[in-house]
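Undergrad: I'd like to ask you about the structure that follows.
The values are calculated or read from the model by the stated rules, or taken from the named source; none is laboratory data. Everything quoted here is computed from the prediction, not taken from an experiment. Cβ sites come from the backbone with ideal geometry, for glycine too, and all protein chains shown count toward neighbours.
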Amino acid sequence: MQKQQTVWQSGNLTDWSPATGTPVTLDGVNQQTFTDVLNGPSRIFYKVRVNDLDRDGDGVSDWTEQHVLGSDPLAANSSRSATGVDANQDGVVDTTYSGDYVTLVERLQGTAAAGGFPGSGSGGGGGTGIASGSTAISRTQAARFLTQSTFGPTVEDIQAVQEQGYASWITQQAALPATLHSPYILGIYNDIRGQRTGRGYSYGGSDNEYFLFGNNMMTAFARGAVNGQDQLRQRMAFA
Ligand SMILES: [Ca+2]
Ligand SMILES: [Ca+2]
């Protein structure tokens, strides 16, 4: 059983309390019968709450402990010791999280070396023997990486980094053909000498003695930065 069902009762739909009575198990199904409800002196409302079973109360469901973390569903700190958290970083521990919950959060974020559990100071996770997950890249980590290596993370890039890993993504980026500025410059040069249909550049002078402003070189770079697939190369050029 991975779920916990509880029956609650209320007389006014606002104040709820656990319903009295003891369920019985019949053919593997928990049942509870309430008597004298319909003809009682006042109305009573009932509702059923279904929660993930968390027998050790560490904030991690039994199912997750057994099938994801491999931790003990009957011991709150089976994977590591409890960790104090100083969320506002004023030097005072605000609350304490159970060790298994911290392990779950680290699993979601990636390992301590690459991200870790916020507030755990030393980075946590070391030497606890918690298996695997060491190569998992969280969306947060991927986004942080892409903020540094591109002109902004996209959903597609985050997915790619998560799937490929950092090194493979960099290798792939390096192999992409370079987004060159010269085709754009040549394009507007040809345009100004011809039909002048382009609106994406600026020029001065007269019809016969025209010239391209120097800032067209800057827009060539910006176009590459925004549209180029070789984001890493463009970002390095920018740096
Ligand atoms: Ca638990
Ligand atoms: Ca546990």
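Undergrad: Inspect all residues belonging to the stretch 53-76 and state whether any of them is part of a strand (DSSP E or B) and loosely packed, with under 15 Cβ neighbours inside 10 Å. Spell out the reasoning first.
TA: As a first pass, look at the stretch 53-76 and keep what is part of a strand (DSSP E or B): none.
The answer is no, given that none of the residues of the stretch 53-76 is part of a strand (DSSP E or B) and loosely packed, with under 15 Cβ neighbours inside 10 Å.
Undergrad: Pick out the one residue from A222, A142 that is in contact with a Pro (Cβ under 8 Å, 6 or more places away or on another chain), surrounded by 12 or more Cβ atoms within 10 Å (Cβ to Cβ), of a type in the set (A, V, I, L, M) and free of Cβ contacts under 8 Å to residues at least 24 places away in the same chain. Walk me through how you get there before you give the answer.
TA: Values: A222 fails: in contact with a Pro (Cβ under 8 Å, 6 or more places away or on another chain).
None of the other options fit; the residue is A142.
Undergrad: State all residues of the stretch 149-158 that are part of a helix (DSSP H, G or I) and touching a residue at least 12 places away in the same chain (Cβ under 8 Å); if no residue qualifies, say none.
TA: Residues satisfying the conditions are S149, D157, I158.
Undergrad: Do we have any residue at all in the stretch 53-76 that's hydroxyl-bearing (S, T, Y) and more than 16 Å from ligand 2 (Cβ to nearest atom)? Working first, answer last.
TA: Here is the first cut: in the stretch 53-76, the ones hydroxyl-bearing (S, T, Y) are 61, 64, 71.
Still in the list and also more than 16 Å from ligand 2 (Cβ to nearest atom): none.
For the stretch 53-76, residues hydroxyl-bearing (S, T, Y) and more than 16 Å from ligand 2 (Cβ to nearest atom): absent.
Undergrad: Let me ask you something else. Test of understanding: among T95, T83, T25, T35, which residue is more than 12 Å from ligand 1 (Cβ to nearest atom), surrounded by 13 or more Cβ atoms within 10 Å (Cβ to Cβ) and not assigned by TED's automatic domain parsing to the domain that holds R144? Can you show your working first?
TA: Details: T95 fails: surrounded by 13 or more Cβ atoms within 10 Å (Cβ to Cβ); T25 fails: surrounded by 13 or more Cβ atoms within 10 Å (Cβ to Cβ); T35 fails: surrounded by 13 or more Cβ atoms within 10 Å (Cβ to Cβ).
Going through T95, T83, T25, T35 in turn, the sole match is T83.
Undergrad: Restricting to the stretch 1-42, name every residue that is more than 39 Å from the chain's Cα centre (by Cα), of a type in the set (S, T, Y) and closer than 21 Å to D54 by Cα.
TA: T22, T25
Undergrad: Restricting to the stretch 54-73, name every residue that is of a type in the set (A, V, I, L, M, F, W, C) and near ligand 1 (Cβ under 8 Å from one of its atoms).
TA: Going through the stretch 54-73, the residues of a type in the set (A, V, I, L, M, F, W, C) turn out to be 60, 63, 68-69.
Selection gives V60 alone.
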